[in-house]
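Scroll down for the structure; my scribbles are underneath it.
The values are calculated or read from the model by the stated rules, or taken from the named source; none is laboratory data. Model, not experiment: these values are computed from the prediction. Methodologically, a virtual Cβ is constructed for each residue, glycine included, from the backbone with ideal geometry; neighbour enumeration extends over all protein chains shown.
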Amino acid sequence: MNITVFGGSQPREGESAFEEALLLGRLLAQRGHTVLTGGYIGTMEAVSRGAQEAGGHVIGVTCEEIENWRKVAPNRWVKEEWRKKTLIERLQALIEGCDAALALPGGPGTLTEIALTWNLMIVESLHRRPLILIGDGWQSVFDQVFTKLDGYTPAHQRELLSFAPDVQTAVKQLESWKVAG
């Protein structure tokens, strides 16, 4: 499967978030999955590195708008680059190009990626696929959404999101979905 991994650009080598992302990339590649990331630094670099070092194929979806905003280039672990002009085109490629999406901790960009993927599945513009949010941060965020804005998110929409406390659990959930799906 093509697995998109969303996550923040802040983690650096040696930090626990970077190591967790490195492990996720490795676990996905060991199971034969192709990994898609935003292609740059932080989580994207760690996942790409883990996958590539485990013999997996890594696709980095990059864009001019990001590179104009922050002077970055694709990380060295990207083996295939899908270059886009705009951030919107980049998001579309990451979302539509995957069979499943996993989200590591991150900020507004990661939240945007989660929300857009989720909403496209809600309106059935995107076929149902695993959308697994990793870490207690996402669980807490969405618990607040579900509690404080209860009437706006019916159960059948909530069921499109899965939560995993760590990357090992997320990969097990992904494999279970693959078998059941």
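Need a quick list: strands (runs of 3 or more DSSP E) entirely within region 76-181 having at least 1 residues that are touching a residue at least 24 places away in the same chain (Cβ under 8 Å) and closer than 19 Å to P11 by Cβ. I'd like the intermediate steps shown before the answer.
Values: elements: 80-84, 100-103, 131-134, 162-164.
Fully inside region 76-181 and qualifying: 100-103, 131-134, 162-164.
Please specify each residue of region 64-110 satisfying the condition of being of a type in the set (D, E, K, R) and under 28 Å from V171 (Cα atoms).
Within region 64-110, R76, K79, E80, E81, R83, E89, R90, E96, D99 meet the criteria.
Has region 31-54 got any residue that is modelled with pLDDT under 95, among the hydrophobic types (A, V, I, L, M, F, W, C) and in a loop (DSSP other than H, G, I, E, B)?
The first filter runs over region 31-54 and keeps only residues modelled with pLDDT under 95, leaving none.
The answer is no, given that none of the residues of region 31-54 is modelled with pLDDT under 95, among the hydrophobic types (A, V, I, L, M, F, W, C) and in a loop (DSSP other than H, G, I, E, B).
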